[in-house]
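The values are calculated or read from the model by the stated rules, or taken from the named source; none is laboratory data. No experiment lies behind these values; they were computed from the predicted model shown. Counting neighbours? That spans all protein chains shown, and the Cβs are built from the backbone with ideal geometry, glycine included.
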Amino acid sequence: MRTDPKAPWWRTPFFAVLVIAAGGLLAYHNSFGVPFVLDDALAIIANQSLRSLGTAWWPPDELTGLPISGRPVVNFSLGLNYAISGTAVWSYHGVNLLIHLACGVILFGVVRRTLLQPALAPRFGQHAFELALVTAVLWTLHPLQTESVTYISQRAESLLGLLYLLTLWCFIRAIEPGASRKWSRWAVVTCLLGMATKEVMVSAPLFAALYDRTFVAGSWREVWARRRRLLLALAGTWLVLAWFVARSGGARGASAGFGLGVPWWSYLLKQCEAIMLYLKLSFWPHPLVLDYGTGVVRSAADVWWQGGLLLALLAGTIWALGRKPVLGCLGAWFFMILAPSSSVVPLVGQTMAEHRMYLPLAAVIAGGVAALYSLRCQPVLRLTLAFALTLPLAWLTACRNRDYATAISIGEDTVAKRPDNARAMALLADYYHRAGKLEKARQWLEHSLEIQPGVLPVLNNLGNVWQELGEAGKAVACFQQALARNPRDAATRNNLGNALILSGQVPQGIAELEAALRVAPDSAETRLNLANALARNGRMPEAAENFAALLKAQPGDAEAHASYARVLQTLGRRPEAITHLEAAVRLQPGDAGLHNQLGTALGRAGRVREALAQFEEALRLNPAHEAARQNAARAQRMLGGN
């Protein structure tokens with residue numbers, strides 16, 4: 001940033017950083033305890049690649065359609081958080097906020113240097129610092145940004161924003177007279193990292209060229225003559241993006257494509273509605289919604305005015321690029337960054353999402369600040385009016401963060417604002433289920449199915465809830481309905497088998513579990529359920545075979561070792577039973593019940609002294625374990641008698 005040695009302290013870059021940071025902390029002070037929501041469960045908690053920084057560079061391919069899918073820079077940043085705090089959320093939110101504040105600071109630098117370019121300096125140069133600071137602060141504090149900052153796994157958007165802005169910042173520095181070559185190198189590096197962060201980065205080389213033509217070179221001929229090597233180097237990073245897309249294949253292909261059952265024209269019509277909503281939320285940020293669902297528009301008549309206005313804005317941007325280049329550049333920033341997610345390529349997840357406005361919002365705010373500055377009044381009054389918006393925006397952002405306080409609160413907020421969103425209802429039901437509020441979970445799952453009948457995961461979840469409520473018969477009906485939707489779904493057949501057994505239909509339940517195992521022979525859960533069911537039904541040899549197969553695949557399952565031991569004892573294979581109980585105790589040395597079970601087996605084998613040691617260890621772990629106390633007393637009497 002250019003620093004004027006004669007500038008007062010309140011017009012220095014340090015002061016700008018201080019104001020942006022203080023405003024951001026004020027707005028997001030209550031976000032550090034926000035729990036994992038929506039995609040966070042799969043992107044972070046279930047993401048095994050985060051457990052080591054060596055594997056964090058490669059997000060697993062099986063986690064498709066998530067903010068981390070095929071995006072190694074995002075995944076690695078989450079891996080760093082995991083190394084710091086595991087699954088404790090404070091460090092994730094801290095890094096998200098630091099990224100956002102860094103974006104605000106870089107945006108300030110980009111806007112300030114742009115206003116000092118020859119094309120704008122005569123009109124805005126005198127107040128470039130103040131205008132840039134107002135723009136950056138309003139952008140940083142705007143409530144529309146909360147989804148990209150408070151929703152942890154949407155770091156993909158804010159991290160992309162940081163790298164996009166850094167690329168532009170370094171490019172601007174690189175094209176200044178007498179600039180060091182390091183700025184060109186850093187522009188390419190940040191652009192390359194951006195390509196490994198999110199596909200939206202694809203427009204960065206193009207916008208850099210447009211910026212040069214608009215504010216510096218003045219024509220495309222001059223841009224090519226002066227900057228072709230740098231621009232070609234930036235464009236070369238597209239190869240990196242192409243490589244990541246090709247390598248991750250299904251991971252990114254599940255996020256975007258034409259084979260998703262959504263017609264391209266229907267998705268495009270939906271984007272007419274979406275972009276008009278984004279613009280409205282830029283000026284009036286209410287209501288804000290975390291999950292807009294997957295709805296599309298089937299007829300152009302349903303979005304006629306949004307489509308007409310959008311076409312007018314596009315036409316105006318194209319016209320302005322030729323006649324009013326500065327205004328056209330603002331419009332191009334807005335449309336070029338939105339294009340990858342808001343065009344004709346259907347995206348999995350949501351057909352509308354507020355986080356897509358993270359960077360485009362800068363164009364809206366910059367244009368608004370410039371318009372306010374152009375009012376016919378004293379410059380101080382204009383700037384005062386702009387700064388007056390900062391506190392209300394900070395307050396609104398803090399209020400929005402309160403909606404995220406718990407998974408249930410943000411779920412309730414979403415379904416209240418989008419009462420037709422069946423997916424949000426199912427997710428809220430899942431949050432209630434985890435909280436033990438089974439009746440609430442049942443109600444929301446049934447509401448979800450009323451809006452969108454026959455959704456297999458929702459039917460499965462409803463069956464599980466009915467089962468926990470003690471209504472095994474109703475659970476069976478749900479699982480049968482789900483299985484009718486997909487007879488090859490092993491998880492549903494496993495659930496049906498368990499429900500049948502609980503409802504007293506044991507032979508039918510065992511048959512379903514066996515069928516599930518034929519579909520998915522590697523399912524440890526199904527094999528364990530089948531082995532336990534066979535044991536309870538007295539079919540011990542078959543139960544033993546299934547336990548043996550399970551432990552061959554998963555030798556670290558203490559519960560399976562203990563259950564297998566009970567079957568082996570029934571079959572009279574006591575030495576083998578003791579071996580498996582010893583393995584269970586090694587795996588879970590703090591389980592008093594396992595120590596007592598091992599002691600009982602040792603006592604029956606005549607190894608009373610060893611048995612007494614196990615009973616005493618069980619009592620040390622749990623002094624209230626009455627069975628272990630009685631067994632220990634019996635063992636002491638036997639030893640005393642010897």
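Touching a helix residue (DSSP H, G or I) at 6+ places or on another chain (Cβ under 6 Å) and either without any contact (Cβ under 8 Å) to a residue 24 or more places away in the chain or of a type outside the set (D, E, K, R) (or both): which single residue out of Leu120, Leu162 fits that description?
After applying the criteria, what remains is Leu162.
Of the residues Arg173, Arg213, which is touching an Asp or Glu at 6+ places or on another chain (Cβ under 8 Å), assigned to a helix (DSSP H, G or I) and surrounded by fewer than 21 Cβ atoms within 10 Å (Cβ to Cβ)?
Arg213 is the lone residue from the list that is touching an Asp or Glu at 6+ places or on another chain (Cβ under 8 Å), assigned to a helix (DSSP H, G or I) and surrounded by fewer than 21 Cβ atoms within 10 Å (Cβ to Cβ).
Only one of these is charged (D, E, K, R), over 20 Å from Thr197 (Cβ atoms) and either outside any loop (DSSP other than H, G, I, E, B) or at pLDDT 95 or above (or both): Arg2, Arg113. Name it.
Arg113
Can you confirm whether the range 220-231 contains a residue that is crowded, with 18+ Cβ neighbours inside 10 Å, acidic (Asp, Glu), on the phi < 0 side of the Ramachandran plot and in a helix (DSSP H, G or I)?
no
Kindly indicate which of Ala43, Ala102, Ala21 is in a helix (DSSP H, G or I), outside the structural domain of Ile172 (by TED's automatic domain parsing) and touching a Leu at 6+ places or on another chain (Cβ under 6 Å).
The match here is Ala21.
Would you check which residues across the range 481-539 are surrounded by fewer than 19 Cβ atoms within 10 Å (Cβ to Cβ) and either in contact (Cβ under 8 Å) with a residue 40 or more places away in the chain or among the basic types (Lys, Arg) (or both) and list them?
If the condition is that a residue be surrounded by fewer than 19 Cβ atoms within 10 Å (Cβ to Cβ) and either in contact (Cβ under 8 Å) with a residue 40 or more places away in the chain or among the basic types (Lys, Arg) (or both), then Arg485, Arg488, Arg518, Arg536, Arg539 are the ones that fit.
Which condition from (1) within 27 Å of Pro521 (Cβ to Cβ); (2) surrounded by fewer than 17 Cβ atoms within 10 Å (Cβ to Cβ); (3) modelled with pLDDT of 90 or more is the one that Asn546 breaks?
Among (1) within 27 Å of Pro521 (Cβ to Cβ); (2) surrounded by fewer than 17 Cβ atoms within 10 Å (Cβ to Cβ); (3) modelled with pLDDT of 90 or more, the lone unmet condition for Asn546 is (2).
Considering only the range 43-68, how many residues are under 15 Å from Ala88 (Cα atoms) and surrounded by 20 or more Cβ atoms within 10 Å (Cβ to Cβ)?
4
Quick check: anything in the range 301-310 part of a loop (DSSP other than H, G, I, E, B) and buried (at least 20 other Cβ atoms within 10 Å of the Cβ)?
So far as the range 301-310 goes, no, none of its residues is part of a loop (DSSP other than H, G, I, E, B) and buried (at least 20 other Cβ atoms within 10 Å of the Cβ).
In the range 46-88, how many residues are of a type in the set (A, V, I, L, M, F, W, C), assigned to a loop (DSSP other than H, G, I, E, B) and in contact with a Ser or Thr (Cβ under 9 Å, 6 or more places away or on another chain)?
Residues meeting the conditions: 6.
Cβ contacts < 8 Å: first residue over 20 Å from Ser282 (Cβ atoms), restricted to the range 397-422; second residue acidic (Asp, Glu), any location; separation 6+ or different chain. Result?
The qualifying pairs are Ser409/Asp403; Ile410/Asp403; Asp413/Asp403; Thr414/Asp291; Asn421/Asp291.
Does any residue of the range 344-355 turn out to be under 30 Å from Glu130 (Cβ atoms) and outside any loop (DSSP other than H, G, I, E, B)?
Checked against the condition, which is being under 30 Å from Glu130 (Cβ atoms) and outside any loop (DSSP other than H, G, I, E, B), the range 344-355 yields at least one hit.
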